[in-house]
Amino acid sequence: MAKPTRVTNQIRALRFSAGQMTQGELADRIGVTRQTLNAIEQGKYSPSLEVAFKIARVFAVPLEQVFQYP
Amino acid sequence: MSFQVKSAIAMTGALAVVYGAYFAIVARWLTVTPADEIVYQPLLIVAIVPLVVLAVVSHVAIALANPKEADASDERDRLIALRGERVGGHVLTVGVFGGLVLAMAEPPPFYIAHTLPLAWVLAELVEDATRIVLYQRGT
């Protein structure tokens with residue numbers, strides 16, 4: 001059973017709006033495995049601040065447009 | 001399934017097969033021979049060989065099946081490895097203190113010599129199982 005974090009994200013939507021970028025492509029660009037990116041997308045893992053910033057930088061958006069915290 | 005999950009599953013299987021067989025053999029000896037007369041040392045030492053062979057062969061096979069992911073590791077893998085080691089460490093600590101208490105009771109050395117490897121095997125199994133669960137459930 002998944003144990004979701006309270007952090008939500010828009011990575012999947014951002015990937016599709018960025019030319020349907022695959023998980024593997026984004027994972028390679030930010031230096032994590034595809035499995036880790038999948039876990040981040042599904043809310044099963046909260047990444048480090050460094051990885052979070054790298055994701056935001058790939059899509060050229062502010063961090064809070066990628067991740068949200070209630 | 002990542003290389004790390006497959007690795008943890010492979011090590012769990014190898015440990016369960018090799019030391020499951022070892023402890024089953026030794027337990028059978030114990031039913032027919034007094035503990036202080038059992039010559040367990042050669043088998044205990046030799047048991048490490050099939051474990052190493054199984055570990056190496058399984059990891060080579062996993063790596064060959066997906067060479068790109070074979071050495072891929074990131075912050076999540078390191079976090080999960082640390083959490084697995086912490087949980088396994090608790091089991092090992094309990095086992096070591098169990099062995100210490102047992103030694104104070106001065107039983108035949110056979111029992112102490114098996115409490116410690118049993119604790120190590122259980123600790124490794126718990127560590128690998130923790131890693132597998134954390135990969136599936138989330139951290």
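No lab work stands behind these numbers, since they all come straight from the coordinates. Fair warning: this is a prediction, and the values are worked out from it, not measured in the lab. Note that each Cβ is placed from the backbone with ideal geometry, even for glycine, and that neighbours are counted across all protein chains shown.
Observations on the structure shown:
- Percent of Cα pairs exceeding the 15 Å cut-off, where the set is segment B:1-75: 62 percent
- For segment A:3-42, applying the loop criterion from DSSP together with a ceiling of 13 other beta carbons within 10 Å to the trypsin sites (Lys or Arg not before Pro) yields A:R6.
- The Rg/Rh ratio for chain A is 0.92, where Rg is the radius of gyration of the alpha carbons and Rh is the Kirkwood radius.
- For chain B, the Cβ-based charge dipole about the Cα centre amounts to some 360 debye (Lys, Arg positive; Asp, Glu negative; other atoms uncharged).
- Where only C-alpha atoms are counted, convex hull volume of the protein assembly as shown per residue in Å³: 135 Å³
- Mean-square fluctuations from a GNM of chain B, with a 10 angstrom spring cutoff on Cα atoms, peak among B:P109, B:P67, B:P42 at B:P42.
- Computed about its Cα centre, the charge dipole of segment A:4-54 is approximately 120 debye, with only Lys, Arg, Asp and Glu carrying charge at their Cβ.
- Dmax and Rg, reported as Rg then Dmax, of chain B (C-alpha, Å): 17.4, 53
- Contact order normalised by residue count of chain B, Cα under 8 Å, 6+ apart, percent: 37 percent
- Computed [θ] at 222 nm, deg cm²/dmol, chain B (DSSP H ≥ 4; -39,500 (n - 2.57); rounded to nearest 500): -28500 deg cm²/dmol
- Positive-end residue, the protein assembly as shown charge dipole about Cα centroid, Cβ charges, pick of B:H90, A:L49, B:T139: A:L49
- Where labels lie 7 Å past Cα in the beta-carbon direction, separation of B:L79 and B:V60 in nm: 3.5 nm
- Relative contact order for chain A, counting Cα pairs under 8 Å that sit 6 or more residues apart, in percent: 45 percent
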